[in-house]
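Written below as structure tokens is the structure these notes are about.
Every number in this text was worked out from the coordinates using simple rules, so none of it is lab data. The model shown is predicted, which means the values in this text are computed figures rather than measured ones. Positions of Cβ are generated from backbone atoms using ideal geometry, with glycine treated the same way; all protein chains shown enter the neighbour counts.
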Amino acid sequence: MLEVRGLMAGYGALPVLRGIDFAIGAGEIVAVLGSNGAGKTTLNSVLSGLLKPTSGSIRFADAEIAGAAPHRIVALGLIHVPEGRRVFPTLTVRENLELGSFRRGRTHRARTLERVVAIFPRLRERFAQRAGTLSGGEQQMLAIGRGLASAPELLMLDEPSMGLAPAVVDAIFERIRTIHRERGLTILLVEQRVGEALEACDHAYVLETGRVVLHGPRDTMMSHARVKQAYLGM
């Protein structure tokens with residue numbers, strides 16, 4: 001569904017991505033792992049059109065999207081849930097979800113929103129509440145729900161655990177697994193919490209200083225000595 005080859009990008013004269021190669025098959029959860037500064041968020045920004053690459057190819061659903069405008073990428077069904085949640089704080093939960101459905105989900109909006117609140121029942125209870133007054137975990141649920149309301153073909157989740165308590169992180173990852181299990185949705189999970197991400201994914205790539213240094217199926221990565229020592233504290 002998504003194939004990236006030789007992807008390079010940066011900010012001005014500062015290179016960040018230095019020739020990234022990876023692929024995601026339909027229905028997979030693929031994790032991109034790495035510490036702060038590895039290039040994970042830059043990668044998501046390039047994939048969603050927020051940052052133009054300096055070179056390389058990005059093919060999504062048989063279309064070349066490297067350098068394409070964000071609205072064109074969204075129209076194809078590649079939906080980015082950014083780090084830091086970024087909900088619209090003065091709008092209600094319902095209004096945030098409705099805005100998520102504006103580009104792709106309007107035709108079946110009522111059914112789409114019903115599916116979202118079936119996965120995140122807390123959002124139904126908060127429909128009329130302003131998003132800025134929600135807890136951090138509830139805002140993360142809303143951010144993911146807004147992405148689901150966009151009727152994605154591929155959902156990119158950028159650091160969904162950021163700033164959340166461990167119990168809330170466990171709940172968020174359980175919902176991610178539920179979304180995948182029940183809907184078969186293709187998910188790109190960009191995450192610093194390596195243990196949780198590996199438990200959720202089918203295949204993982206490890207970034208260091210803008211390069212893929214390791215990749216493989218979940219079980220292989222979880223047992224890899226370098227991953228265990230550097231990221232799992234084993």
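A few remarks follow.
- Calculated from backbone phi, Karplus (6.51, -1.76, 1.60) coupling profile of the stretch 71-76 in Hz, x at Gly/Pro: 5, 5, 5, 4, 4, 6
- Computed helical MRE - 222 nm, the chain, DSSP H runs ≥ 4 contributing -39500 (n - 2.57), nearest 500: -11000 deg cm²/dmol
- Under a model in which nothing but the beta-carbon of Lys, Arg (+1) and Asp, Glu (-1) is charged, the stretch 60-173 shows a dipole of about 540 debye around its Cα centre.
- Phi angles of the stretch 193-208 translate, via the Karplus equation with coefficients 6.51, -1.76, 1.60 and θ = phi - 60°, into HN-Hα couplings of 7, 5, x, 5, 5, 5, 5, 8, 9, 9, 8, 9, 10, 10, 9, 9 Hz per residue; Gly and Pro are given as x.
- Residue of Gly77, Gly25, Gly136 that the Gaussian network model of the chain assigns the largest fluctuation, springs spanning Cα pairs under 10 Å: Gly25
- For the residues Phe173, Phe102, Phe60, a GNM of the chain with alpha-carbon springs under 10 Å puts the largest fluctuation on Phe102.
- What you get for the stretch 16-78, charging only the Cβ of Lys and Arg (+1) and of Asp and Glu (-1), is a dipole of about 220 debye around the Cα centre.
- Cα gyration tensor category, rounded, prolate or oblate, for the stretch 112-234 with a/c compared to 1.5: prolate
- GNM on the chain, alpha-carbon springs under 10 angstrom: the most fluctuating residue among Thr112, Thr186, Thr220 is Thr220.
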